[in-house]
Amino acid sequence: AATLYVVATPIGNVCDISLRALHLLSIADAVACEDTRNTAQLMTRYGLHRPLLAAHMHNEREVAEKIISRLQAGERIALVSDAGTPGVSDPGAKIVDAVKRAGLQVSPLPGASAAISALSASGLIHDRFFFVGFLPSKAGQRDTLLQSLTSTAASLIFYEAPHRIVESTAAMLAAFGPERQVVFARELTKLFEEIHRCSLGEAAAWLNADSHREKGEFVVLIEAAPEAAADDNLEAKRVLTILLKECS
Ligand code: SAM
């Protein structure tokens, strides 16, 4: 039936794609993709030849209209990004929003996402996690955001570009302090995959120890704030306890 399928693709290792995704990519009437060159490579790798439709950050609104009319004509459209899950720090969310507002069907084909892959191998205890994604590029905005997260009782997940990893790590150290655990999940599923956990106080030394460590793709995770620090009412509770003692 006419549906927009949101299809996850590999984040490095080309084999990380589901059988269902491959099947869908072989029968879709069109594949809307972030970069037609990248998706063409993936399709060729699997012997798939379906029409591609450019759907990047700058044309999401217009392409959504095209997709909507094609769905209304009964077509099946696949939506992919360059890597991982569309809409997760990638184009796609606006298209999905528009398609749903038009009352049409959207269905996910789950698969790789760098955030969840990194979390699963981080060793951080993660009953709760908070996906932050990319930090703002302006230092002031970045620091304000980091400050607002210092007492969040959830593992924090960041995406970061290699040329900013050293600077962002220094900003995290300033915000969260040297004791907090950090995990660098680098080049996941690729040849030089590396997952390193240390305290924020030790992080700069680890990054500096090997020049390769400032290259490639990174997910950075920060351990959750201790529950006590996350309790906004802590001071109020302390005062209340004293008052109750005084009154008894
Ligand atoms: N949609 C993708 C997903 O589901 O994970 C994320 C796309 S976002 C534009 C790209 C960022 O994801 C990179 O800068 C990096 O932070 C992270 N990333 C993607 N692939 C990765 C990999 N193989 N290893 C580590 N991080 C990765």
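Results, tabulated for the structure shown:
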| quantity | calculated |
| --- | --- |
| Tilt relative to the chain, helix 234-247 - C-alpha long axis, 0 to 90 degrees, to 10 | 40 |
| Loop-resident sites, segment 104-192, for chymotrypsin sites (Phe, Trp or Tyr not before Pro), counting at most 12 other Cβ within 10 Å (DSSP) | Phe192 |
| Degrees between helix 36-45 axis and first principal axis of the chain (Cα, 0 to 90, nearest 10) | 70 |
| Where the Cα pairs of the chain fall when distances are cut into 5 Å bins, in % | 1, 6, 12, 14, 14, 12, 11, 10, 8, 5, 3, 2, 1, 1, 0, 0 |
| Projected label distance in nm at Ala102 and Glu62, using a 7 Å step from Cα toward the beta-carbon | 1.6 |
| Computed helical MRE - 222 nm, the chain, DSSP H runs ≥ 4 contributing -39500 (n - 2.57), nearest 500 | -11500 deg cm²/dmol |
| Cα→Cβ-extended label distance, 7 Å offset, between Arg37 and Asn13, nm | 2.7 |
| R0 of 30 Å, Cβ-Cβ distance His212-Leu22: FRET efficiency to nearest 0.05 | 0.35 |
| Modelled FRET efficiency - R0 25 Å, Phe130 with Ala54, Cβ distances, 0.05 increments | 0.20 |
| Additional length obtainable on full extension of the chain from Glu75 to Thr189, 0.36 nm per residue less Cα span | 37.7 nm |
| Phi to ³J(HN,Hα) by Karplus 6.51 cos²θ - 1.76 cosθ + 1.60 over segment 170-181, Hz, x for Gly, Pro | 5, 5, 5, 4, 5, 7, 9, x, x, 7, 5, 6 |
| Using θ = phi - 60° and Karplus 6.51 cos²θ - 1.76 cosθ + 1.60, couplings along segment 21-28 (whole Hz; Gly, Pro as x) | 5, 4, 4, 4, 5, 8, 10, 4 |
| Extension gain (nm, one decimal) between Leu244 and Glu179, 0.36 nm per residue minus Cα-Cα | 19.9 nm |
| Exposure proxy ranking, count of Cβ atoms within 10 Å, fewest first, for Met57, Met43, Met172 | Met57, Met43, Met172 |
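Read-outs: derived from the displayed coordinates by stated rules, not from any lab. Bear in mind the structure is a predicted one, so any value in this text is a computation, not a measurement. For neighbour counting, all protein chains shown are included, and Cβ atoms are generated from backbone atoms with ideal geometry for every residue, glycine included.
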